[in-house]
Amino acid sequence: MDLTLWPLVSQPWPALCEAVELVEGLGWHGVMVEDHFMADGSGFGAVSDPRFEVTTVLSALAVATNSLRLAPLVMSATYRHPSVVANWAASVDHISGGRLTLGLGAGWQINEHEQYGIEMGTPGERIGRLDEYCSVVRSLLEQSVTDFNGRFFELSNAWCEPKPVQDRLPLLIGGKGDRMLRLVARHADMWNMWAMPSKFAERSAVLDQACDDIGRNPATIRRSTQALVCLTDSESDARSFLDAAGGRAAFAGTAKQFAELAAQWRDAGVDELVVPDWHLGTGAQRAESIEAITAALQA
């Protein structure tokens with residue numbers, strides 16, 4: 001099971017790069033970065049906290065890293081036209097030497113859509129938009145020209161050059177509902193959702209069935225998940241952290257206990273475990289936490 005870092009994009013740029021450099025040196029698999037312009041007000045971060053924009057961060061990391069797999073987790077289909085994203089993805093794939101995975105999602109965060117006047121649409125509309133979005137992006141990245149006439153997007157004799165370095169640039173889709181998992185089965189090379197092991201296993205089984213329904217081998221979809229992580233020896237601090245998580249997938253405890261949980265994720269079918277650094281501390285404390293997680297999972 002691979003390890004991937006999810007660095008907080010509201011931390012100073014030198015600190016973000018420090019964390020990325022550390023995990024690359026430790027042999028981690030990749031780095032994933034969120035696509036949000038502000039926090040959602042759920043308690044982890046203030047809405048007004050500054051944060052870096054995902055395409056800029058990943059473009060910079062494509063130059064600053066050598067081996068890490070890079071991906072947005074995930075880009076909202078409501079913010080950018082698929083032709084713009086396809087051209088960006090092909091460019092970053094070249095800059096990184098073929099290390100980009102393109103993560104896409106339907107969009108969900110109400111406050112940033114409201115503040116910027118971006119239409120979000122109903123859940124059904126968002127899933128329909130993402131369905132077309134994936135088709136458009138895939139065609140632009142792989143076909144010489146693209147013609148598309150859909151409900152949300154229209155392209156006529158459209159070019160996207162250069163093509164990516166990778167013969168098939170992987171598409172990752174984030175989602176957990178049945179309709180989203182059917183979309184994953186149709187389009188994705190990789191799937192992601194927030195989940196503890198038992199929930200992940202249940203949703204993974206639904207994805208398997210969605211693949212079977214269209215004649216696709218479920219094993220062709222790489223699977224990833226994440227939870228909030230807080231390393232602590234204090235049981236009371238651990239309880240407080242989990243209470244504050246408000247039902248979101250979360251872990252609090254020692255590095256050894258985290259490794260035991262990671263084994264459960266692996267047994268549930270997780271190929272790639274994404275570790276947010278949001279609650280691992282800063283500076284030397286964060287480095288110590290990341291090194292402890294690495295050592296515990298390698299033991």
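Per-structure values
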| item | result |
| --- | --- |
| Leading residue by the ranking (most open to solvent (accessible area, probe 1.4 Å)) among those in the stretch 52-76 that are assigned to a loop (DSSP other than H, G, I, E, B) and closer than 17 Å to His36 by Cα | Phe52 |
| Top-ranked residue in the stretch 119-144 [being open to solvent by 50 Å² or more (accessible area, probe 1.4 Å) and of a type outside the set (D, E, K, R); ranked as farthest from Ala77 (Cα to Cα)] | Ser144 |
| Which listed residue, of Phe148, Phe153, is in contact (Cβ under 8 Å) with a residue 12 or more places away in the chain, touching a His at 6+ places or on another chain (Cβ under 9 Å) and within 24 Å of Val92 (Cβ to Cβ) | Phe153 |
| Looking only at the stretch 109-127, and only at residues there that are assigned to a loop (DSSP other than H, G, I, E, B) and either in contact with a Cys (Cβ under 8 Å, 6 or more places away or on another chain) or in contact (Cβ under 8 Å) with a residue 24 or more places away in the chain (or both), the one that is nearest to Ser42 (Cα to Cα) | Gln109 |
| In the stretch 252-282, residue nearest to Met190 (Cα to Cα) [restricted to those that are open to solvent by 30 Å² or more (accessible area, probe 1.4 Å), in contact with a helix residue (DSSP H, G or I) (Cβ under 8 Å, 6 or more places away or on another chain) and in a helix (DSSP H, G or I)] | Asp267 |
| Enumeration of residues in the stretch 158-194 that are within 16 Å of the chain's Cα centre (by Cα), farther than 22 Å from Asp212 by Cα and buried (at least 21 other Cβ atoms within 10 Å of the Cβ) | Leu169 |
| Residue among Ala219, Ala249, Ala245 that is hydrophobic (A, V, I, L, M, F, W, C), at pLDDT 95 or above and open to solvent by less than 60 Å² (accessible area, probe 1.4 Å) | Ala249 |
| Filter result (more than 18 Å from the chain's Cα centre (by Cα) and either touching a residue at least 60 places away in the same chain (Cβ under 8 Å) or not in a helix (DSSP H, G or I) (or both)) within the stretch 77-89 | His81, Ser83, Asn87 |
| Near pairs, Cβ below 9 angstrom, 6+ apart or cross-chain, from the stretch 234-250 (within 21 Å of Asp40 (Cβ to Cβ)) to any residue that is open to solvent by 80 Å² or more (accessible area, probe 1.4 Å) and in a helix (DSSP H, G or I) | Ala249/Lys199 |
| Asp147, sole failed condition from (1) open to solvent by 70 Å² or more (accessible area, probe 1.4 Å); (2) out of contact with any Leu (no Cβ under 7 Å at 6 or more places or on another chain) | (2) |
| Residue selected from the stretch 32-46 under the condition surrounded by 12 or more Cβ atoms within 10 Å (Cβ to Cβ) and aliphatic (A, V, I, L, M), by the criterion farthest from Tyr116 (Cα to Cα) | Met32 |
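The values are calculated or read from the model by the stated rules, or taken from the named source; none is laboratory data. Keep in mind the model is a prediction, meaning the values are calculated, not measured. Neighbour counts run over all protein chains shown; Cβ positions are idealised from the backbone, glycine included. Areas reflect the complete protein model, heavy atoms only, side chains present, ligands, DNA and RNA absent. Shrake-Rupley method; radii C 1.70, N 1.55, O 1.52, S 1.80 Å.
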